[in-house]
């Protein structure tokens, strides 16, 4: 297994520990996004929430904030120093509604070079390097600009070996996004398909897993979509069909109203303090919990040469 690239440098996979594989510490969507609950720009609140995660038993957090969504490498680096939590940051894009004008202006190759620089030199004018690549699609379609950046992400993946994470709007277009990456020659075992539980379709999840990709359920606690009982059944479906080694679980708490330190809830402690005890009560083994939260994130992220 290779190394994992954190904002403070590369670490051995065995040192990653208990991991949330999709969260947000610092976000600032463009002004076109009127819902400012999505903005997390209070340093003390964010670092306090990260401390709560650590005190509950967390050791590593994957921050999926992209360069079109207000990523701030300096802030993430400082939070990692303060809390001693491994923070893994991304380069790439969310979805076309957030893209800066230069995405339209530049060629695929020029975007690819920008992503490679973030991984090999540093992000946002710092020496903090991105540890994975991200691309996203829209609900029930892939916008032409999303296809463009997905191809740039694929080519940057082949240049650097970095793992890939996919935003799928409402859990749609996962297979079609994998098709684009596969066309470009990406090894799908290095790819995680995010928001897959938003589309609570057990068959769909197995189709993704059969192609070798990691399937991420990142909606824990979000009863506005449906109760956690549904997510538990989706988890059991993956386990029963032999795909526990391709399952990633997180809560994607990228809103002020989700985080204790911003005055919301249930906060970063939720999975550790409530969700995992429930998984145990519902018959999911300690071994499978360890696989999902420790071994799988390490295997997905450890793509860099030591």
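Which residues, counting only those in segment 284-306, are farther than 17 Å from residue 131 by Cβ, in a loop (DSSP other than H, G, I, E, B) and touching a residue at least 40 places away in the same chain (Cβ under 8 Å)?
Once the filter is applied, which keeps residues that are farther than 17 Å from residue 131 by Cβ, in a loop (DSSP other than H, G, I, E, B) and touching a residue at least 40 places away in the same chain (Cβ under 8 Å), segment 284-306 yields only 284.
In segment 239-262, which residues are under 19 Å from the mean Cα position of the chain (by Cα), without any contact (Cβ under 8 Å) to a residue 60 or more places away in the chain and part of a helix (DSSP H, G or I)?
244, 245, 246, 258, listed by residue number.
Using the structure shown, decide if residue 184 is in contact with a helix residue (DSSP H, G or I) (Cβ under 6 Å, 6 or more places away or on another chain) and without any contact (Cβ under 8 Å) to a residue 40 or more places away in the chain.
The answer is yes for residue 184.
Need pairs with beta-carbon distance below 6 Å; first residue at positive phi and outside any helix (DSSP H, G or I) and within segment 202-229, second surrounded by fewer than 24 Cβ atoms within 10 Å (Cβ to Cβ) and at pLDDT 95 or above; sequence gap 6+ or separate chains.
Pairs that qualify, where the first residue is at positive phi and outside any helix (DSSP H, G or I) and the partner is surrounded by fewer than 24 Cβ atoms within 10 Å (Cβ to Cβ) and at pLDDT 95 or above, are 212/188; 212/189; 221/251; 221/266; 221/270.
Looking at segment 80-180, what helices (runs of 4 or more DSSP H) fall wholly within it and have at least 3 residues that are in contact (Cβ under 8 Å) with a residue 24 or more places away in the chain, buried (at least 23 other Cβ atoms within 10 Å of the Cβ) and over 14 Å from the mean Cα position of the chain (by Cα)? Step through it out loud before you land on a result.
Working: elements: 101-105, 108-120, 144-160.
The qualifying helices (runs of 4 or more DSSP H) are 108-120, 144-160.
Could you please find all residues in segment 29-44 being buried (at least 16 other Cβ atoms within 10 Å of the Cβ) and either in contact with a strand residue (DSSP E or B) (Cβ under 8 Å, 6 or more places away or on another chain) or assigned to a helix (DSSP H, G or I) (or both)?
The answer is 38, 39, 40.
The values are calculated or read from the model by the stated rules, or taken from the named source; none is laboratory data. Model, not experiment: these values are computed from the prediction. Note that we place each Cβ from the backbone using ideal geometry, even for glycine, and neighbour counts take in every protein chain shown.
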